[in-house]
Structures are given as C-alpha cells and as structure tokens.
Amino acid sequence: MITPEYCRTMARYNAWQNTGLREMVKEMSKDDLYQDRGAFFGSIMGTLNHLLWGDHLWISRFDGGEGPDMTIPESTEATPTPAVWAAERFRIDARITLWAESVSAIDLVGDFKWYSGAMKRDFEKPFALCVVQLFNHQTHHRGQVHAMLTAAGQKPNDTDLPFMPEDN
C-alpha cells in the first residue's frame, strides 16, 4: 500500500506546510486567530490545535512515546497561545520526521492494534492504513486552515506536493 519513501515524503511535506503556518500565525492578531469561522473546530487556532493533538496521538501510537493527555473535545485548546503552538508544532513535526526516517518496509506490513478513547474500544487495522490516516488527517485539516486563512485575508503558501522544496 505504501512505502518508507512515502512516509518520508509526507513527513517532509507536513514539516514544510507547518513551517509556513508557523510564520503566518505569528504575524496574525489574536482576534483573527480565534474568531469562530464555522469550521468543525471553530477557529484557525482551534483547528491548528486539533491537528497538533491528532498528530501527537498518532505518532505516540507509532513510536511508543508520550501522547496527549486530553480528549478530542479538549483538543482545540491543546496549546494556550500561538507561540506555544508553534514550539509544540515544531517538536511534533521533528518527532514525525524522526519516525519516518527510521521506518522500514517490513514495519509497514501487518496489523496495528490500539485503543480509541473517542470510540471507547479496541481497534485492529492494517498498519499502513493507520500511517495513511496520520498524513490524510493532516492534509484534511490544513485544507480547512488554508480556507480560513484565505478568508481572513492571508495568502498561505503553495500546498502542491510537486512544488515542495527539495531541501526541506
């Protein structure tokens, strides 16, 4: 289904996109960042926080490290300020990249078991599908953030994979 190179490419893409978001968010007003824009997680910061929470949750499942200590409803408040979000975003992106750089083809084979606090039950799914979920979730919510940023008068960076810088 996927390869280690897919994981590395998507981890690079994630870090590239989030670098652009960190730069943009630090220049925006609190009102613009926290205004409810009708998205599923409300505001730009609510959605960015939820995305950070989801990445933290999935990477903790993959690398066995610490995970978030909150639930989905609390995820919109994962960080108290844009500056704290930016620092935590950088840390989680590095963790995803480190995991992706170490994954092998055999690691992506077989089933993956975890307990979902949101669904209150155990799951077992193909590991490769779970990895795709990590990256798909990122792209989905960053798309929402992109739309909200554009509506707020910002000009987000390009999001097309073929235009990702080679040195990122």
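Assorted remarks:
- Largest first, the three principal axis extents of the alpha carbons in region 105-168 are 43, 32, 13 Å in whole numbers.
- Formal net charge of residues neighbouring Gly67 (Cβ-Cβ distance under 12 Å; K, R +1; D, E -1): -2
- Zone of Ala83's modelled label, taken as backbone nitrogen in region 1-28 under 20 Å from a point 7 Å along Cα→Cβ: 19-28
- If you sort the three axes of the alpha carbon gyration tensor as a ≥ b ≥ c, you get a/c of 1.5 or more for region 17-115 and a/b above b/c, which makes it prolate.
- Residue-normalised accessible area of the chain, given per residue in Å² at a 1.4 Å probe: 53
- Ranked packing of 94-106, 119-131, most packed first, by mean Cβ within 10 Å: 94-106, 119-131
- Proximal charge balance of Glu101 [Cβ under 13 Å; K/R count +1, D/E count -1]: -1
- Mean-position separation - Cα centroids, region 41-84 and region 127-168, in angstrom: 16
- By accessible area, using a 1.4 Å probe on protein heavy atoms only, region 96-166 has 57% of its surface on carbon and sulfur.
- Full extension of the chain between Asn136 and Phe40 gives 32.9 nm of extra length, using 0.36 nm per residue less the Cα-Cα distance.
- Listed by chain and number, the aspartates and glutamates placed with their C-alpha closer than 16 angstrom to that of Lys26 are Glu88; residues fewer than eight positions away on the same chain are left out.
- Space enclosed by the convex hull of the alpha-carbon atoms of the chain, per residue, Å³: 113
- Helix screen, the chain: DSSP H segments with Cα axial length of 27 Å or more and mean Kyte-Doolittle hydropathy at least -0.5 are 44-63, 82-102, 127-151.
- Of the residues Gln138, Gln154, Gln17, the one that moves most in a GNM of the chain with alpha-carbon contacts below 10 Å is Gln154.
- Accessible-area composition of region 1-63, carbon plus sulfur, in percent [1.4 Å probe]: 51
- Mean residue ellipticity (222 nm) of the chain, computed from DSSP H runs ≥ 4 via -39,500 (n - 2.57), nearest 500: -19000 deg cm²/dmol
- Contact order for region 1-127, expressed relative to its length and based on alpha carbon pairs under 8 Å spaced 6+ residues apart, stands at 28 percent.
- Near Asn157: Cβ cut-off under 12 Å, other residues only, Lys/Arg at +1 and Asp/Glu at -1. The net charge is 0.
The values are calculated or read from the model by the stated rules, or taken from the named source; none is laboratory data. Worth saying up front: this structure is predicted, and the values here are computed from it rather than measured. All Cβ positions, glycine included, derive from the backbone under ideal geometry; neighbour counts span all protein chains shown. Keep in mind that these areas ignore ligands, DNA and RNA; they rest on the heavy atoms of the full protein, side chains included. Shrake-Rupley method; radii C 1.70, N 1.55, O 1.52, S 1.80 Å.
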